[in-house]
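In what follows, a single structure is set out as structure tokens and then discussed.
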Amino acid sequence: IDGGEPMDVRASGTGADNSAWGHGTFIAGLIAKVAPEARILPIRALDPAGVGTTYNIVKAVEFARASGAHVINMSFGAPDKLDGLDKALSDSRDTAVLVAAVGNFGSDGLKQYPADESFVLAVAALDDRGVKAPFSNFGSLVDVAAPGVQLASTFPENQYASWSGTSFAAPLVAA
């Protein structure tokens, strides 16, 4: 939530990290592919490098709840609980299904928030054979798994792209 348009914008300047540029557009395309009648409320809480503040993440969840979202997809994660996010999620759980990516560290039992919250549906990634993707976290944290390897979807500037990660398995479940 930065007051700007919810469109993906490249970071400006020389050497700017754009590793997450297009992330939101890609996720919206996956949701539209699986649930074409779904209404998508795009909320940007992280910058083109995938970095943001806890404040913006909390405000994004609160905005989704206040806007009447029935499902809140969280294709991000942190190794520790984020101050204030627990309350925002707890306040949202009675009116929305909460879905989160479990992380891309290939680890068993590595905590990843918000996926580690008991009331959040934690999503791992599968490859095209239905086997756990090598990068996907796994173990008791996981509630469900979905495809997450070399998925094709929309990308900014009228493009399509292929991307892998639990960030992309989560919206398939959310859809």
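The values are calculated or read from the model by the stated rules, or taken from the named source; none is laboratory data. Quick caveat, the model's predicted, so the values are computed rather than measured. FYI the Cβ positions are ideal-geometry reconstructions off the backbone, even for glycines, and counts take in every protein chain you see. SASA here: full protein model, heavy atoms, side chains in, ligands and nucleic acids out. Shrake-Rupley method; radii C 1.70, N 1.55, O 1.52, S 1.80 Å.
Observations on the model:
- Count of the range 145-158 residues, restricted to those that are farther than 10 Å from residue 125 by Cβ and open to solvent by less than 50 Å² (accessible area, probe 1.4 Å), is 4.
- Flag for residue 108 being acidic (Asp, Glu), under 24 Å from residue 43 (Cβ atoms) and more than 15 Å from the chain's Cα centre (by Cα): no
- Hits in the range 119-135 - residues which are surrounded by fewer than 16 Cβ atoms within 10 Å (Cβ to Cβ) and under 17 Å from the mean Cα position of the chain (by Cα): 119
- Every listed requirement among (1) in contact with a Ser or Thr (Cβ under 6 Å, 6 or more places away or on another chain); (2) surrounded by fewer than 23 Cβ atoms within 10 Å (Cβ to Cβ); (3) not aliphatic (A, V, I, L, M) is met by residue 111 save one, (1).
- Condition check for residue 72: under 12 Å from the mean Cα position of the chain (by Cα), in contact (Cβ under 8 Å) with a residue 12 or more places away in the chain, farther than 19 Å from residue 148 by Cα and crowded, with 21+ Cβ neighbours inside 10 Å: no
- Counted residues, the range 81-104 - those being surrounded by fewer than 15 Cβ atoms within 10 Å (Cβ to Cβ) and under 20 Å from residue 138 (Cβ atoms): 0
- Annotation: residue 145 fulfils all but one of (1) modelled with pLDDT of 95 or more; (2) in a helix (DSSP H, G or I); the unmet one is (2).
- Within the range 32-62, considering residues that are charged (D, E, K, R) and not in a loop (DSSP other than H, G, I, E, B), the one nearest to residue 72 (Cα to Cα): 62
- Given (1) touching a residue at least 60 places away in the same chain (Cβ under 8 Å); (2) more than 12 Å from the chain's Cα centre (by Cα), number of the condition residue 165 does not satisfy: (2)
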